[in-house]
There are 2 protein chains.
Amino acid sequence: MGSSGSAAASSRPIGVFDSGVGGLTVLRALGAEMPRERFVYLGDTARLPYGTKSPETVIRYAVQAADALIERGVKALIVACNTASSVALPAMRERYRDMTVIGVVEPGAEAAVAASRSGHIAVIGTEATVRGGAYQRAITQRRPQAQVRALACQMFVALAEEGWTSGPVARAAAEQYLAPLFGPATPGVGESAADTLVLACTHFPVLQAVIRSVVGPRVVIVDSAATTARAAHSALSERGLLGGEDAARMPDRMRFLATDGVARFAAIGGRFLARSIDARDVELVDL
Amino acid sequence: MGSSGSAAASSRPIGVFDSGVGGLTVLRALGAEMPRERFVYLGDTARLPYGTKSPETVIRYAVQAADALIERGVKALIVACNTASSVALPAMRERYRDMTVIGVVEPGAEAAVAASRSGHIAVIGTEATVRGGAYQRAITQRRPQAQVRALACQMFVALAEEGWTSGPVARAAAEQYLAPLFGPATPGVGESAADTLVLACTHFPVLQAVIRSVVGPRVVIVDSAATTARAAHSALSERGLLGGEDAARMPDRMRFLATDGVARFAAIGGRFLARSIDARDVELVDL
């Protein structure tokens, strides 16, 4: 499979990989952006979360997941997981040289740099994403004068999975994490407060309203799902890999693979995909 | 290795297994209860949490972890993880017939039944522990008229790991979960409110103060760490397996194995063990 398009190649599905269900926010954006594409989504639910694991382990798991998607004949690979994108993308591009491999970090950094006037950008994600520093590097590569503050917000993952996306607990957690970065109560931050906030975890878009209520109306919130979908669209288009058929109403347009707990995947996944998932449409795979 | 004691057997360490760092609350109680014992603790940090996984996966992982401890010559096996105790204990006892295998469920149920006057008992734990129903069964086996309400409190796990054990987020989460079970604002609950609350997750003891502030002073809170330590002490004593040497000051009294992230294990683990852990004392193992 070379990088040049072919009819056979373009009719194949796009593989989307995440550590769990959070990447379904990216799948949702991909589906909206590219109505002629079919998708196979793999959530490594047996081994989530990746966000607290070492780089070596994240790379090993990400490669196993990508191999499983490639065995299923995908024409491109979207790494929807921020942690895997931050930590494992170089290893994956090395391993799959002929495959279009797109992560969420570069599109997110691109969007942040475009949105920020002041160059003061805040990034919130998992521990591993923040520690890995990929967003920080991707932003300063594009804008060397940018000042990036990155903060791990592990509790947001739990809130999103519990479905507590509004209410007092979500509000208190958002204040605890974000008020020091954006809040009016912080003396001395003044002009250096960030004007742009990157949601560098696929779980965080479902908390966007409560995050907005804490950071205020002026901060631009960059959700990497939408920006990644646009980047994937361009890359596939450039390589002649876009599908030709209207896939939007195909019953098997989106297939789901999970490494554990298909019932839980379907139940919680619906929250992130913003449509219900039937547990019978989720296939259990062993990596 | 039979169940009868021998000098060689009794001098061997006790194996303690958990999905991550939470079981260190049990290790701490074991160390206090049995000053003449040495311990090897294994935290399956690469694959935590177990609390959201299917029973099949929990059993497979628990057996792999137990095998690794048995290879290291432990004389008994304490399953500190509530999820693994709930789901995998029968399979483990079947597999390790000559080994003393102690979980946290039976001691916790025993203590709850002894503490409750009314027989109305609440159990809080992970999704898998609650769904598995082992506590509910263990309590009603001992007291058939008991009324048990079990509630999954996943957010408590994240709070404990983040170190947010007090403050507004912990308080709001405790109210959200527990006020419906214990709070005065619930009309109609009245006499049927539980008088005993079982902390059926090793992460929860570090949240005991905030839980207490919500449930009020009259509810008996059962922490299965202390009750499990006493049960282990009795079982080892009965089988002549107690160690004879004062181990409390041995520099290698507690050894730690983790399947990922030794630095994180040491950093977060200290919170649960209530003493600092040097990352150099944590060995990385692959299961």
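Is it fair to say A:T140 is under 24 Å from A:S85 (Cβ atoms), away from chain B (no Cβ under 12 Å) and in a helix (DSSP H, G or I)?
Numbers: under 24 Å from A:S85 (Cβ atoms): yes; away from chain B (no Cβ under 12 Å): yes; in a helix (DSSP H, G or I): yes.
Yes; evaluated as a whole, the condition is true for this residue.
Quick check on my filter: what residues within region A:242-267 are surrounded by 22 or more Cβ atoms within 10 Å (Cβ to Cβ) and touching a residue at least 40 places away in the same chain (Cβ under 8 Å)? Correct list: A:M254, A:F256, A:L257, A:A258, A:T259, A:D260, A:G261, A:R264, A:F265.
So that you can scan it fast, the table gives a plain yes or no per residue for (1) in a helix (DSSP H, G or I); (2) closer than 25 Å to B:G269 by Cα; (3) within 14 Å of chain A (Cβ to nearest Cβ); (4) touching a residue at least 40 places away in the same chain (Cβ under 8 Å):
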| position | (1), (2), (3), (4) |
| --- | --- |
| B:R117 | no, no, no, yes |
| B:L151 | no, no, yes, no |
| B:Q176 | yes, no, yes, no |
| B:P217 | no, no, no, no |
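Summed over region B:251-280, residues that are over 21 Å from B:A66 (Cβ atoms) and touching a strand residue (DSSP E or B) at 6+ places or on another chain (Cβ under 6 Å) total 1. Every listed requirement among (1) of a type in the set (G, A, S); (2) under 22 Å from the mean Cα position of the chain (by Cα); (3) not assigned by TED's automatic domain parsing to the domain that holds B:V123 is met by B:S166 save one, (3).
For region A:235-269, the tally of residues that are closer than 19 Å to A:V157 by Cα and of a type in the set (F, W, Y) stands at 1. Within region B:58-80, being within 14 Å of chain A (Cβ to nearest Cβ) and buried (at least 23 other Cβ atoms within 10 Å of the Cβ) holds for B:V58, B:Y61, B:A62.
Quick check on region A:97-104. Is at least one of its residues in a helix (DSSP H, G or I) and either at pLDDT below 95 or away from chain B (no Cβ under 14 Å) (or both)? No, because not a single residue in region A:97-104 is in a helix (DSSP H, G or I) and either at pLDDT below 95 or away from chain B (no Cβ under 14 Å) (or both). Against the numbered list (1) of a type in the set (D, E); (2) within 30 Å of A:V58 (Cβ to Cβ); (3) out of contact with any Leu (no Cβ under 9 Å at 6 or more places or on another chain), B:D260 comes up short only at (3).
Only residues that are of a type outside the set (A, V, I, L, M), over 17 Å from the mean Cα position of the chain (by Cα) and either within 14 Å of chain B (Cβ to nearest Cβ) or surrounded by fewer than 24 Cβ atoms within 10 Å (Cβ to Cβ) (or both): list them for region A:4-46, please. Selection gives A:S4, A:G5, A:S6, A:S10, A:S11, A:R12, A:P13, A:P35, A:R36, A:R38.
The values are calculated or read from the model by the stated rules, or taken from the named source; none is laboratory data. None of these values were measured; they are calculated from a predicted model. Using ideal geometry, Cβ is built from the backbone for each residue, glycine included, and neighbour counts are taken over all protein chains shown.
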